[in-house]
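Following: one structure in structure tokens, then a few remarks.
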Amino acid sequence: MSAETVMWVAVIVGVMAVVPAVGSLLLRRRRDRLRERFGPKYERTVAEAGDRRAAERELRARRERSGPLDIRPLDPDARRGYADRWAAVQERFVNEPSPAVSEADLLVRAVMAKRGYATEDFAQQASELSLGHSRTLEHYRQAHEISGRAARSGVSIRELRQAMTHYHALFDALLGGDQRPVRARAAARSPLTRPRGTVGPRR
């Protein structure tokens, strides 16, 4: 075997060794981007699909279908107005926890609409929020679930507090900016001081 043949054999063997490693690296990077973009929704989709590759294909297709969203920032006046309304909702929770949770849901959706997110369908909301607020999407999902049960049957004060906490996490993310004045104002009459019990369905 000539030296040139030996050299080409070595090159081919080297390429065959490198290609799988490069492919694996690219796959990991693409997977990391999906995890970063969709947050907890990534693992949930994988669990529901039962196959990681199929789940990742669905998430990539969802991202492409969504396209660039026309999400608008809030101007300072709108941000202050929504922050004041949230403080009022938290204060209402002290005496009317179930209606306050319902109002929190409406307020979060109002902010979403103002910023350009879908508000008619929860699945569409979750899909769009997963593109920009993947880290707080799970809060919204849990708040929505508790709020739905509260509308159908009795739920505990503890669960309603959890719903308010979850709504607040997404509300802060949607508002952006410094929300310390809202928290300071609401701290004087925190819902966490309420005794535990059960609240009936909303009227």
Q) Between Ile71 and Arg30, what FRET efficiency follows from the Cβ-Cβ distance if R0 is 25 Å, with the result rounded to 0.05? A) 0.55
Q: Over region 43-125, average the accessible area per residue using a 1.4 Å probe and give it in Å², no decimals.
A: 55 Å²
Q) Which value in nm describes the separation of the simple spin-label points at Thr165 and Glu4, placed 7 Å from the Cα toward the beta carbon? A) 7.4 nm
Q) How much net charge surrounds Phe122 when only the other residues with a Cβ under 13 Å from the Cβ of Phe122 are counted, with Lys and Arg +1 and Asp and Glu -1? A) -3
Q | Lys, Arg +1 and Asp, Glu -1 on Cβ, resulting dipole of region 68-156 about Cα centre, debye, nearest 20 | A | 100 debye
Q: DSSP loop (so not H, G, I, E, B), at most 11 other Cβ within 10 Å: list which GluC sites (Glu not before Pro) in region 79-129 pass both filters.
A: Glu120
Q | Interchain or long-range residues, amide H under 5 Å from Ala118's placed H | A | none
Q: Work out the FRET efficiency for Asp121 and Glu43 from their Cβ-Cβ distance, taking R0 = 35 Å, and round it to the nearest 0.05.
A: 0.90
Q. What FRET efficiency, computed as 1/(1 + (r/R0)^6) with R0 = 41 Å and r the Cβ-Cβ distance, is obtained for Arg135 and Ile12, rounded to the nearest 0.05?
A. 0.35
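The values are calculated or read from the model by the stated rules, or taken from the named source; none is laboratory data. Computed from a prediction, not measured in an experiment: that's the story for all the values here. A quick note on method: Cβ atoms are made from the backbone with ideal geometry, for glycine too, and the neighbour counts reach across all protein chains shown. Ligands, DNA and RNA are excluded from the accessible area calculation, which covers all protein heavy atoms including side chains. Shrake-Rupley method; radii C 1.70, N 1.55, O 1.52, S 1.80 Å.
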